[in-house]
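Structure, as structure tokens:
The values are calculated or read from the model by the stated rules, or taken from the named source; none is laboratory data. Predicted model only: the values in this text are computed from it and were never measured. Glycine gets a Cβ as well: all are built from the backbone with ideal geometry, and neighbour counts include every protein chain shown. Ligands, DNA and RNA are stripped out before the accessible areas are found, and what is left, the full protein with its side chains, is counted by its heavy atoms. Shrake-Rupley method; radii C 1.70, N 1.55, O 1.52, S 1.80 Å.
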Amino acid sequence: MQKRLFIKTYGCQMNVYDSARMAELVAPLGYAPAETPHGADLVILNTCHIREKAAEKVFSELGEIRRLKDAKERAGERMLVAVAGCVAQAEGEEIMRRAPFVDMVFGPQTYHRLPELVARAARGGGGVLDTSFPAEPKFDHLPATTPAPGVAALLSIQEGCDKFCTFCVVPYTRGAEFSRPAAQVIAEAERLVAAGAREITLLGQNVNAYHGTAREGGEWGLGDLLRALARLPGLERLRYTTSHPRDVDDELIAAHRDIVQVMPFLHLPVQSGSDRILAAMNRRHTADDYRRTVRKLRQARPDLALSSDFIVGYPGESDLDFRATLDLVVEIGFAQSFSFKYSPRPGTPAASEKQLPDAVKAERLAELQALLQQQQRAFNAAAIGTAMPVLFEKPGRHKGQLVGRSPYLQPIHADAPPEMIGEIVSVNIVGVTSNSLSGIVAGLDEAAQ
Ligand code: SF4
């Protein structure tokens, strides 16, 4: 009998990818995706540990899930509840202690065991906990099934991180850097393209540290892998995220120069413009190193645009340090960026340091975000009057409208027939809203629009 599976995904694209793989793993057990947890037979919270109060959010969500579980059991049925992802990895035993009604807690490195965990939990006898770091890579045990169709797909190629930035939990929740063998990645990419993907985003916590075993022996870096993927017929666009400035090597820069499928949009977190703070964060590069890397990338691909991540209010950050961040932003110019107040993460080195007052953090964040939003608006406005290649992904909010993405990941909506979904079409940009562009498909009778 078909069973209902509800997965709630928090955080990064890697979690989105992992949730899709979890759904594939339990499909043979009869579980089909459900839109809501109401009446579900299996509920999975796939959690993120990056921001403050991450764990508290999970516990409050579990409170609601418990009510649904109790209601289902009063009706004589059973709901299995699981907590997965980085909060599960970091706080597994605490979840079991505070929420004993949770049937399974497992981390990002053990979700390939989900069918077995479900069987053990279904047999009852208390919660199942597996937050180990198994020797065998989970990717070797994930089903080689045909993924759900979709024009733009995610593909995890690297996991974990060896950088140990002082504010980050990833090395503790995702473990050491691991790169999937190139042949395995290419096989999965072929399945995605066969299922309709025209664009693939390669994922990794430190994706440009990729060093996977090559088919013919030896190792491939990300540049090599991009070259091989670009040869797949039907794969029009390639992206990758998230990168570390120190791992942008010459092969990767050459890939941006030579491979048209590699989109001219790169997410390259810098976090701060101050060398003193970069050193305190253990980023092991300077602001000048970042400038040099950006200069080399732009020489190789003059139309390249950047996005980045910024942390303000890191312990010890002076006003001078903050000014250095603003100066770097003005100098580099970012098409889009993410910025946050520093929030102490349990178990990370910086968490035990003296914190700046929240008012100072908030003031600096507001000033930085005003500058970044100004740059983003200017970047989007510069598109008006140009023709952009848009990969249409799905129907828009209005009848007869489609939505797609520009090479710079800008959402673009235009009136177009549904058969254009999955096509890359030239669109004349005529308008900008706060977070998307509007356009007219070139060649389509404007009058008919
Ligand atoms: S490189 Fe990124 S994932 Fe790795 S520790 Fe630093 S911030 Fe975290």
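Miscellaneous remarks
- Once segment 253-285 is narrowed to residues that are more than 16 Å from the ligand (Cβ to nearest atom) and under 18 Å from ILE332 (Cβ atoms), the residue that is most open to solvent (accessible area, probe 1.4 Å) is ASP275.
- Taking the listed residues ALA305, ALA381, the one that is open to solvent by 20 Å² or more (accessible area, probe 1.4 Å) and small (Gly, Ala, Ser) is ALA381, with no other qualifying.
- Contact map, segment 162-185: first residue free of Cβ contacts under 8 Å to residues at least 60 places away in the same chain, second residue near the ligand (Cβ under 10 Å from one of its atoms) and part of a helix (DSSP H, G or I), Cβ cut-off under 7 Å, separation 6 or more or different chains; pairs are ASP162/PRO171; GLU177/ALA209.
- Scope segment 172-185; condition surrounded by fewer than 16 Cβ atoms within 10 Å (Cβ to Cβ) and more than 20 Å from the chain's Cα centre (by Cα); matching residues: ALA183
- Meeting the requirement of 1 or more residues that are more than 16 Å from the ligand (Cβ to nearest atom), the helices (runs of 4 or more DSSP H) wholly within segment 83-176 are 85-98, 114-122.
- Among the residues of segment 33-78, those that are open to solvent by 80 Å² or more (accessible area, probe 1.4 Å) and in a loop (DSSP other than H, G, I, E, B) comprise GLU35, HIS38, ARG51, GLU52, LYS53, GLU77, ARG78.
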